[in-house]
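Written below as structure tokens is the structure these notes are about.
The values are calculated or read from the model by the stated rules, or taken from the named source; none is laboratory data. Note that the coordinates shown come from a computational prediction; the quantities given were computed from them, not determined experimentally. Using ideal geometry, Cβ is built from the backbone for each residue, glycine included, and neighbour counts are taken over all protein chains shown. Please note that ligands, DNA and RNA were not included when accessible areas were found on the heavy atoms of the full protein model with its side chains. Shrake-Rupley method; radii C 1.70, N 1.55, O 1.52, S 1.80 Å.
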Amino acid sequence: MAGPNGRAKKSAAKPVAKKRGRPPAAKGARLAAAESEPPAKRAKQADRESEPGSDGEADDASAAATLSLPDDDKSGDSPSTPPAELVTPSDTLTDVFAEALLSPAARGILSELLEKAPRIQRMRLKKAAALMRAPVRRWLVDLGRSPGEAGMGITLGSNPPRLTHYSIGAAFSISSAELTALATQARISVVKGKLGRTAVPVPQVEGDMSPKEYLDAKFVMVTGPVYVTFDNSYTSKPKTHPVLCCSIPGINYQYSDEDIQKFCKLRQKGVRKPESLTQMKYIWGHALAVMAANGVKYPVLCAIGCGEFNGGFASVPRLWARALYDVLVANPGFGFECVLVSLPTFGDDNFSVFSAEFRKAEAEAASSGAKLATPVLFVEEYSMVTLADKLAPHKSALLNPSDAEAVRKGFIGMYWDGGHIALEELLALQTTLLLQHRSLNPALWSRPADEISVNIGS
């Protein structure tokens, strides 16, 4: 169990990777992906602000068209004798909220997960990507990419697939029928009422997006089942169970002119908290509402927007944490067994920030009554992809901090072959996320989107 402060003591100090980051693009270009390896330590800008605000809008309960998972997905069995309480390793940081609401089956599943799942591999994302790039490159050539093509632009063949079977590395294999079924299940969703009268986000194929189109991308999400193709050591693994993946942009306080203008104070003297908190609630709420509508029981999230793109503001991870708490409180009917948040330390200690903000919110709930109706588990030493993969038999989902250009233009996974690596690039390499690229899945970008009513509370 975690100690009185919610953090289990660690037996040895952990290695902390230096922060490396996605460099700014050429003038006029934008980088709005989430979680890149930050550049060599930059001086953190002092955050001159007070505690997170609470402004927001409320909509009706969410609803979405469900995505059927492939036929080989089966519910996993829980341990035969679940423990009386959640068992967490003594050598890693964990924090659990609303633990009393965990079902016996969930306690058993999570205790076994934390005991047996491999710990995160703390290596530079570029090094991790290098271990997967060659087999993924061969896979893309099989899908129709020119062997000589490189860089961020990925041009693939047209549907249907040309081959009978496709392999990614030595262990992962998928038939063309499975590949097509997986790709065609992907859907685009939009937050109801946030894109004007139309519910169809038409991706721009060429040219820069206008500031409005760029900001509107935060209300757009691409969701579909994916397979994890590489394990925690970045070695090809056999196909097991699919995981629902939700790709959505965060807020880029570091490089995006549009985000800085809307969500920062004049001359970047601080964060506009009401505007930021409201947008963060819509991002969390959109993703969680779609996961719930698809029967997900174990969402696995990450600290979207809390790495290189936090702009150096200490309040940004606090706001993301508070937004998540508020959305979960406002939506007790999501029906999740537990929400997991992977918060590995690669420089910024987001684990401590999220934990402290949730504890503060819990203390405030004593008078406000805004209590969690869903158990939440923070973990530091486990990657989001590994957790989601291990929980896949029990209906899991993961959050892909994506890019406005990728979501609006259909280039999901487009950065995997670029000169800089972020979490979205790693996800594109480690899973079948690239099947949602517009070249393989053109129908995804032409059919109407699902409108999702998102309740962000008050």
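For segment 274-338, the Cβ-based charge dipole about the Cα centre amounts to some 80 debye (Lys, Arg positive; Asp, Glu negative; other atoms uncharged). Just to confirm my numbers, what's the Cα centroid distance between segment 207-282 and segment 345-410 in Å? Using only Cα atoms, the two centres lie 14 Å from each other. Dipole size of segment 264-404 about its Cα centre, with +1 on Lys/Arg Cβ and -1 on Asp/Glu Cβ: approximately 480 debye, rounded to the nearest 20. Near the amide H of residue 431, within less than 5 Å, lie the amide hydrogens of 229, all on another chain or at least 5 residues away, with H placed in the peptide plane. Could you tell me whether segment 415-458 comes out rounded, prolate or oblate from its Cα gyration tensor? Rule is a ≥ b ≥ c as square roots of the eigenvalues, rounded for a/c under 1.5, then prolate if a/b exceeds b/c, otherwise oblate. Cα axes put segment 415-458 in the oblate bin. Between residue 306 and 35, the built amide H atoms are under 5 Å apart, and every one of these is 5 or more places off in sequence or on another chain. With all protein chains kept in place, the per residue accessible area of segment 236-344 amounts to 23 square angstrom at a probe of 1.4 angstrom. In a fully extended conformation the segment linking residue 181 and residue 133 would gain 14.8 nm over its present Cα-Cα distance, using 0.36 nm per residue. Site pair residue 149 and residue 362 shows an inter-label distance of 5.0 nm when each label is modelled 7 Å from Cα along Cα→Cβ. With one equal scatterer per alpha carbon and no solvent term, the Debye-computed log10 I(q)/I(0) for segment 202-305 at 0.15, 0.20 1/Å reads -0.80, -1.09. Taking 216, 349 and ordering them by how much accessible surface each has at a 1.4 Å probe, largest first, produces 349, 216. Over 32 Å apart at the Cα level, from the set 116/409; 212/395; 269/390; 194/297; 371/409; 262/395, are 116/409; 212/395; 269/390; 371/409; 262/395.
A DSSP coil position with no more than 15 other Cβ atoms inside 10 Å describes the following trypsin sites (Lys or Arg not before Pro) in segment 87-185: 122, 124, 162.
Here residue 84 and residue 170 are evaluated by their C-beta separation; at R0 = 35 Å the FRET efficiency comes out at 0.25. What shape does segment 285-392 have by the C-alpha gyration tensor, where a ≥ b ≥ c are the square roots of the eigenvalues, rounded means a/c under 1.5, and otherwise prolate means a/b greater than b/c and oblate the rest? It comes out oblate by the Cα gyration axes.
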